[in-house]
Amino acid sequence: MRVVVRLHAGVRERAGRPTLEVEVGEGARVRDVRDAVERACPGIAGQLGSCRWALRDAFVAADAPVPPGAPLDVIPPVSGG
Amino acid sequence: MNADDSLSRSRAGDGAGGRPPRLDPFAILDGDVDPDAVVALVRDPECGAVATFLGTVRGTSEGRIVLRLEYEVLEEMALEQFAHFADELRARFAVKRVAIHHRRGIVPVGGVSVAIAVSAPRRGDALQACAAAIESLKRDAPIWKKEVYPDGHRWVLGS
């Protein structure tokens with residue numbers, strides 16, 4: 001299945017694009033999407049280790065399943081306030 | 001300019017007063033944050049204290065001159081997180097209402113980037129909950145600041 005991944009802040013800037021799409025198998029976990037993003041966009045691979053992931057406006061763990069059709073957000077270290 | 005991002009105070013015995021809230025308790029704003037409006041959102045006749053926190057933009061960072069900050073926000077998730085923070089505060093402290101307004105886009109040096117107000121029957125709960133709220137925001141709100149210098153910029157990683 002294809003998964004849309006949304007990039008933000010410094011990761012988006014480094015990638016030079018706000019979104020990308022990757023192909024993962026049915027039943028994929030967030031970590032599988034992360035691995036696919038690293039392959040698709042090596043320029044941000046070094047940053048992904050410090051990023052969290054979010055699904056439907058909530059943080060998700062690396063072993064969380066990825067439902068079809070829902071975009072994932074890459075959340076770089078935050079700095080609000 | 002050496003304004004830190006710390007301004008907190010309690011207002012004991014304020015009573016009810018004031019106009020009814022007209023803004024959502026949580027908001028991401030493209031325009032100026034109005035601290036008085038945020039305070040008005042949490043005023044409550046059952047409360048004897050309102051504690052507030054204002055984050056303001058510092059003109060220097062690690063020895064570099066900062067011209068301005070630029071905030072990027074994942075809005076829907078940020079608002080969900082703000083509501084989650086409020087739920088957590090209520091579980092830990094005897095607080096009545098919580099309001100958080102955060103800027104998006106360019107904020108000049110000295111400008112207000114975030115305002116938090118917490119009301120509680122007692123000042124101790126209000127002050128502690130307000131401090132906890134800004135720590136939660138800095139840890140878990142999907143908001144990013146870019147520092148813009150005379151010769152470049154940098155996305156701040158953690159704060």
Taking segment A:67-77 and the residues there that are within 11 Å of the chain's Cα centre (by Cα) and crowded, with 16+ Cβ neighbours inside 10 Å, the one that is farthest from the other protein chains (Cβ to nearest Cβ) would be A:L72
Of those in segment B:133-149 that are in contact with an Asp or Glu (Cβ under 9 Å, 6 or more places away or on another chain) and not small (G, A, S), the residue farthest from the other protein chains (Cβ to nearest Cβ) is B:V148
The one condition A:C51 fails out of (1) in contact (Cβ under 8 Å) with a residue 40 or more places away in the chain; (2) in contact with a Leu (Cβ under 9 Å, 6 or more places away or on another chain); (3) within 11 Å of another protein chain (Cβ to nearest Cβ) is (2)
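Conditions (1) part of a strand (DSSP E or B); (2) at the interface with chain A (Cβ under 9 Å from one of its Cβ atoms); (3) in contact with a helix residue (DSSP H, G or I) (Cβ under 7 Å, 6 or more places away or on another chain); (4) free of Cβ contacts under 8 Å to residues at least 40 places away in the same chain, marked per residue:
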{"site": "B:V50", "(1), (2), (3), (4)": "yes, no, yes, no"}
{"site": "B:Y71", "(1), (2), (3), (4)": "yes, yes, no, no"}
{"site": "B:F85", "(1), (2), (3), (4)": "no, no, yes, no"}
{"site": "B:L89", "(1), (2), (3), (4)": "no, no, yes, no"}
{"site": "B:A94", "(1), (2), (3), (4)": "no, no, yes, yes"}
{"site": "B:S113", "(1), (2), (3), (4)": "yes, yes, no, no"}
{"site": "B:A126", "(1), (2), (3), (4)": "no, no, no, no"}
* To do: Evaluate segment A:26-39: report whether one residue or more is out of contact with any strand residue (DSSP E or B) (no Cβ under 9 Å at 6 or more places or on another chain), modelled with pLDDT under 95, surrounded by fewer than 20 Cβ atoms within 10 Å (Cβ to Cβ) and assigned to a loop (DSSP other than H, G, I, E, B).
  => yes
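The values are calculated or read from the model by the stated rules, or taken from the named source; none is laboratory data. Computed from a prediction, not measured in an experiment: that's the story for all the values here. Using ideal geometry, Cβ is built from the backbone for each residue, glycine included, and neighbour counts are taken over all protein chains shown.
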